[in-house]
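Undergrad: For reference, the structure I am asking about is given below.
The values are calculated or read from the model by the stated rules, or taken from the named source; none is laboratory data. Predicted model, so just to flag it, every value in this text is computed and none were measured. Using ideal geometry, Cβ is built from the backbone for each residue, glycine included, and neighbour counts are taken over all protein chains shown. Quick note on the areas: whole protein, heavy atoms, side chains included, nothing else; ligands and nucleic acids left out. Shrake-Rupley method; radii C 1.70, N 1.55, O 1.52, S 1.80 Å.
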Amino acid sequence: MTAQEVFLVVASGGFLFISCRIFLQKKLYKDLQQLAPQDTLPGSAQSSSIQPWHSTLAQTCFSLCFSECSILFCMVMCQGLDWLEPRIRLLSWQTTLFLLLFTILLLVPISFSLILTYRPDNPGFVQSRALPIRVAFALAPVALFVFALSYIPLPAELLLYSPLTAVTARLVTLGTTVLGLLSGLGAVSGAWGIVSWSRSIPSASSIASAENALERVKNDLRDRSRDLDDYASSKPQPDGSWLSRMSFKRNGQQSSIQQEVIGLQALEEQMSLRIVALKRNRIAAEYAESLTGKIVTWSWAVYCVCRVCSSAFNILSPTVSNSGRSSASYGDIVAHILAWLFSFLPLSAAGDGEPKIDIPSLSKQISLSLVGVIILCSLRLVLRGVTKAFHVTSRKTSASLMLLTLAQLMGIYLLSTLVQLRTTFPPTVSPVIGDSQDPQGRSDDSMNLFATLPEYSLFGGLFDWSFLIGAVGCAFARWARSSYERDDLDM
């Protein structure tokens, strides 16, 4: 039975990996290419059908990270439902956790560095003598990242845990900071709609005008493509002799027509994306002006404001928010209210009328889900910023970098979620060896998967601080941008 369970876990991981690769090839990677900036490299439009190596590498890293995250969550559900043997669950958990840490800390950063240091104008760089130097330059930032990560201080109680738990705690510390900044950015972006009332709605006439201009560009592109085909068919084939040198001017004319066709193709694609964006913005603006849209927009903005106030309250009143280790929740007022209301539902009440659910634990899960929605709302801005920060000019390269960024954020968010779930399903026995335990430091209940994770109460204050820093920074940037645009209009 043990071999069958191991095979089931391995087969599930392989199925998740293959399914994720198919989804990436058919949907997500193409969507990221649309989000990426327009190609500016010459000849990039001609090789659009060829899948580059960095695309395969990024999709493989994302699929690995997704399958590993899914297996960890499956092991948590198997523990709750008492499926599989505890020893198999723990072995699968530790192996998958190690692979996930390896993917986040080494594989994704190395892939990121290799993509950034790759030179498309020199495709034969692999055979060059400078390959060791290029590899050293690619691995140097990763080595510095791992070295800096090892110096993240940990509480004294975490030093008694296993090395795997210590590495997880350091990564969760870094991930909590990143997620807090992204949450603050998304919260301010969600609440900014209340402050900024000026919403420009694209008119139907402007969309029609853009469509007419696109049609003219398509006609010009067809005409110039026909001219290029006619010129290429009428031009004699060069035989490599001295007579071919006499056709330099004609080759120059053909090159000029080719460059014009490439420019029209890029303009057509850019105008098509602009029309799609105009239609999408018009639909979004019309929905926001409707009654349902106003209710959703105002409710979400109010929640974002309440989330900022809750983080400030947790920082200003740490003795109140952290009055107990088990109740160390870093949720928000709205999550507590929703959990309290949910406790009155018939499905959550016991036979004597008393609520049978744990309201603080449910509040944590609701708050964690809402924070995930906030992060999703800010991902579009973050992914665009990644390509702009590294001055990426290729659409496929931008999509690969975005996919790697999504893989790392997904893994970090999963670890933070699992660490917070530890307070909901705490281990019965501490993993630290005590005087009353056997030499192995285990008992019958020490197979609890959450015993290998640190407590979330050690990271809640860090999340609140990073959340407020991200919110204040985003609010200041938006205020400065609006002030600058207003000054330009006044001039």
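Undergrad: Scanning for something in a loop (DSSP other than H, G, I, E, B), at pLDDT below 70 and more than 30 Å from Cys304 (Cα to Cα), does segment 161-174 turn up at least one residue?
TA: yes
Undergrad: Tell me, yes or no, whether segment 190-209 has at least one residue that is under 31 Å from the mean Cα position of the chain (by Cα), open to solvent by less than 50 Å² (accessible area, probe 1.4 Å), modelled with pLDDT of 85 or more and not β-branched (Val, Ile, Thr).
TA: Checked segment 190-209: no residue is under 31 Å from the mean Cα position of the chain (by Cα), open to solvent by less than 50 Å² (accessible area, probe 1.4 Å), modelled with pLDDT of 85 or more and not β-branched (Val, Ile, Thr).
To keep it simple, each residue is scored yes or no on (1) of a type outside the set (S, T, N, Q); (2) open to solvent by 70 Å² or more (accessible area, probe 1.4 Å); (3) touching a residue at least 40 places away in the same chain (Cβ under 8 Å); (4) outside any helix (DSSP H, G or I).
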residue: Glu260; (1), (2), (3), (4): yes, yes, no, no
residue: Ile275; (1), (2), (3), (4): yes, no, yes, no
residue: Ala284; (1), (2), (3), (4): yes, no, no, no
residue: Thr297; (1), (2), (3), (4): no, no, yes, no
residue: Cys306; (1), (2), (3), (4): yes, no, no, no
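Undergrad: If you take just the helices (runs of 4 or more DSSP H) that sit entirely in segment 9-106, which of them hold at least 2 residues that are at pLDDT 85 or above and within 17 Å of Thr405 (Cα to Cα)?
TA: Result: 53-81, 86-102.
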